[in-house]
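The values are calculated or read from the model by the stated rules, or taken from the named source; none is laboratory data. The structure displayed is predicted, hence computed values, not measured ones. Here the Cβ is made from the backbone with ideal geometry for all residues, glycine too, and neighbour counts use every protein chain on show.
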Amino acid sequence: MAAVATHSAVAPDSMGFEAGSTDGQDGIRTVDAVMHYYDDPGDGSPPMPVRIGANTVTNERPMVAVPKTITDIRGREGDYNLDNCGFQFIKHETATACREDGYHDEEIIKTEYFRECEQILKDVTGATRAFVFDHRVRRGPSDWHKLGENNASKRGPLHRAHVDQSYFGAELAVRRDFPDEADELMKKRWQIINVWRPIKTIRKDPLAVADSRSVPDADLVAARIIYPREEKESWTILPGGSHRWYYLREQRPDEVLLIKCFDSDEAVARRAPHSAFVDPAHEGDEPRESIEARALVFHG
């Protein structure tokens, strides 16, 4: 497989800064954007569940738009890692046939690409075992949720701050995929980490990640995801003035983002909320194309 390297400084390209962004203190680029958070009714009721079935996703959970400044970390990627903030950029070019296929062939994804992602995670974290249990390819429009029946076949970016698994939802994932080994596996350190990769250079609807240290557990609300044969549980996120959001401007296919959704080690960052956002300078660009692989990671 291709070599994995921690993503230290990557030289910005020669393009100038666009409208809707600012070149702030010390030349750091920021984007004035909107983040969509859970709109808690305040009556103690749980969030409306997301329902997924028959190739259709129904998500009518009320959200509130909150102005946020998103900071571009290009050139400073090495300051952020899985343990200190819950996310990390690495340099990695896929060696699989997906590179030529454009991530259209599901069989290649589930064999070659899954194995490659598992090796990436072992190399980066030092884990002894990794298992990709799910993936998403996103090529559709930003408003794909509103397309009704069969909208999952047109899946696009998700403009809702979230973490894929709650702490309980993470345990459900282990027990689902390793029912006979779960108790033993969870006696040692284990994690859930997403491997998020652009299929093409991303301009429209980039992905932002929040520094785990800036999002207290009090801002996490457990939320159900209902499938025909099982339930999952994620975190939806309440608005918070302390939240610090980051992204990598014009992220390329060889700039892979690792996003931690769970860590059993309470001494490090345990989860990184994430969401797509609208960069006003690129709202009219072609739809974003990306692939994310979700993996259980076990340490010996």
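Out of curiosity, is Asp205 at pLDDT 95 or above and at positive phi? It is true that Asp205 is at pLDDT 95 or above and at positive phi. Only a single criterion out of (1) crowded, with 17+ Cβ neighbours inside 10 Å; (2) over 15 Å from the mean Cα position of the chain (by Cα); (3) not in a helix (DSSP H, G or I) is not satisfied by Lys188, namely (1). When region 273-300 is filtered for residues that are closer than 23 Å to Arg175 by Cβ and at pLDDT 95 or above, the ones remaining, listed by number, are Glu292, Ala293, Arg294, Ala295, Leu296, Val297, Phe298, His299. Among the criteria (1) part of a loop (DSSP other than H, G, I, E, B); (2) under 24 Å from Ala281 (Cα atoms), the one Pro179 does not fulfil is (2).
Given the condition closer than 23 Å to Glu286 by Cβ, in contact with a Cys (Cβ under 8 Å, 6 or more places away or on another chain) and surrounded by 20 or more Cβ atoms within 10 Å (Cβ to Cβ), answer yes or no: does some residue in region 94-112 qualify? Among the residues of region 94-112, at least one is closer than 23 Å to Glu286 by Cβ, in contact with a Cys (Cβ under 8 Å, 6 or more places away or on another chain) and surrounded by 20 or more Cβ atoms within 10 Å (Cβ to Cβ), which makes the answer yes. Just to check your reading of the model, which residue among Arg138, Arg160, Arg155 is farther than 22 Å from Tyr246 by Cβ, touching a residue at least 24 places away in the same chain (Cβ under 8 Å), of a type in the set (D, E, K, R) and buried (at least 17 other Cβ atoms within 10 Å of the Cβ)? Going through Arg138, Arg160, Arg155 in turn, the sole match is Arg155. With respect to Pro47, is the statement that it is in contact (Cβ under 8 Å) with a residue 12 or more places away in the chain, under 22 Å from His145 (Cβ atoms) and surrounded by fewer than 14 Cβ atoms within 10 Å (Cβ to Cβ) true? Against the criterion (in contact (Cβ under 8 Å) with a residue 12 or more places away in the chain, under 22 Å from His145 (Cβ atoms) and surrounded by fewer than 14 Cβ atoms within 10 Å (Cβ to Cβ)), Pro47 does not qualify. Would you mind stating whether Val174 is in contact with a Leu (Cβ under 8 Å, 6 or more places away or on another chain), aliphatic (A, V, I, L, M) and part of a helix (DSSP H, G or I)? Answer is yes for this residue.
For Arg229, indicate whether it is over 25 Å from Tyr113 (Cα atoms), of a type in the set (D, E, K, R), over 14 Å from the mean Cα position of the chain (by Cα) and surrounded by fewer than 23 Cβ atoms within 10 Å (Cβ to Cβ). So Arg229 passes the test. The set of residues in region 245-284 that are part of a loop (DSSP other than H, G, I, E, B), closer than 16 Å to Asp83 by Cα and of a type outside the set (A, V, I, L, M, F, W, C) comprises Ser264, Asp265, Glu266, Arg270, Arg271, Pro273. If you go through region 103-149, how many residues are in a loop (DSSP other than H, G, I, E, B), more than 19 Å from the chain's Cα centre (by Cα) and modelled with pLDDT of 95 or more? So the count comes out to 5. Checking the conditions here, which among Asp83, Asp79 is more than 18 Å from the chain's Cα centre (by Cα), modelled with pLDDT of 95 or more and of a type outside the set (Gly, Ala, Ser)? Just one listed residue meets the conditions, Asp79. Of all the listed residues (Asp177, Asp183), the sole one being under 15 Å from Arg294 (Cα atoms), over 19 Å from the mean Cα position of the chain (by Cα) and surrounded by fewer than 17 Cβ atoms within 10 Å (Cβ to Cβ) is Asp177. Exactly one residue out of Arg294, Arg271 is within 21 Å of Arg129 (Cβ to Cβ) and crowded, with 24+ Cβ neighbours inside 10 Å, and it is Arg271.
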